[in-house]
Amino acid sequence: MVLFISLILLFALPSPSSSITVSEGGLSMDFVFVKGGCFEMGDTFGDGYFAEHPVHNVCLDSFYIGRFEVTEGQWMMIMEEKPVHSNGFENRPVVNVNYHDIQEFISRLNRITGKKFRLPTEAEWEYACRSKGKKERYAGFSREEEVFKYANFCDVHCPHGWMNGTQDDGYEGLAPVGSYRANGLGIHDMSGNVWEWVGDWFDVSYYNHGVIYNPRGPAVGIEKVIRGGCHLNSPFYLRCSYRTGLSPEWREKDIGFRLVFTED
């Protein structure tokens, strides 16, 4: 009888929305629901480098992640000032913000809204990038010939020697958020546009530790993980499994972030 009642309660519970908009005053931020599950994290295609190995099983709880990278307009609304070096466009990703700047932004945002925002973990970021852990090289696709449809990268407009002369993504610099096709979960720009800070400390050999459930990276470190590549990178760095780190004090014109929202 107890089991029967428990099952009724379980199936009577409302399903999480596939997306949610958090609004406060003039601020509006869209989040996509990512149902938890298990996946093979790391370089499943065999074209990465040693920090993406070994490929290992990871299991995550459900979470909401930003549909877009946080914009300069959203930053200014919460911080009441422009970042150290403004990109000049409110609808483009905020850049030139370091890990500590972002923690202050999150602290203020949580206080204003009464909700719980944070940076995604490295595992959450990759799981979301790969449309809930699918075998995808990039965010929503796998063929390099299609990068320009989904990502702002080093294409014909790029000033570097590694530019791709056969693809045109339509932008020379930063693109407004949501300018390209979304991945399978409806999330934009997880490949390209700007690098994204995540919450974990970077350890090149962390995958050898075999943490399966909700891994959050080493307890201490020197660098914080960044993911996703940017508009100045070749497709190699836009892969969902690519990982590297930077000092949390570092600010750069091609590094931004997106947030995770939790309802608990």
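Starting with the fewest neighbours, write out TRP162, TRP125 ranked by other beta-carbon atoms found within 10 Å of each beta-carbon.
On the way: TRP162 11, TRP125 26.
Lowest count first: TRP162, TRP125.
Averaged over every viewing direction, what's the projected area of the C-alpha convex hull for the stretch 112-264? Give it in nm², one decimal, please. Numbers along the way, then the final one.
Details: hull surface 40.7 nm².
Taking a quarter of the hull surface, the average projection is 10.2 nm².
Strictly greater than 21 Å: what percent of every Cα pair in the stretch 8-163 meets that?
Details: 7205 of 12090 pairs.
Summing the P(r) of the stretch 8-163 above 21 Å gives 60 percent of all pairs.
Could you derive backbone 3J(HN,Hα) for the stretch 225-236 from the dihedral phi with the Karplus parameters 6.51, -1.76 and 1.60 (θ = phi - 60°), listing whole Hz in sequence and x where the residue is Gly or Pro?
Values, residue by residue: 6, 10, 9, x, x, 9, 5, 9, 9, 6, x, 3 Hz.
Compute the Rg/Rh shape ratio of the chain: radius of gyration over Kirkwood radius, all on alpha-carbon atoms.
Details: Rg = 18.4 Å, Rh = 18.9 Å.
Expressed as Rg/Rh, it is 0.98.
Whole angstrom only: what separates the Cα centroid of the stretch 196-260 from the Cα centroid of the stretch 123-176?
When both Cα centres are located, 17 Å separates them.
What's the whole-number percent of alpha carbon pairs in the stretch 204-244 lying beyond 12 angstrom?
On the way: 543 of 820 pairs.
It works out to 66 percent of all Cα pairs.
Every number here is computed from the coordinates shown, using simple stated rules; none is lab data. Note that the coordinates shown come from a computational prediction; the quantities given were computed from them, not determined experimentally. All Cβ positions, glycine included, derive from the backbone under ideal geometry; neighbour counts span all protein chains shown.
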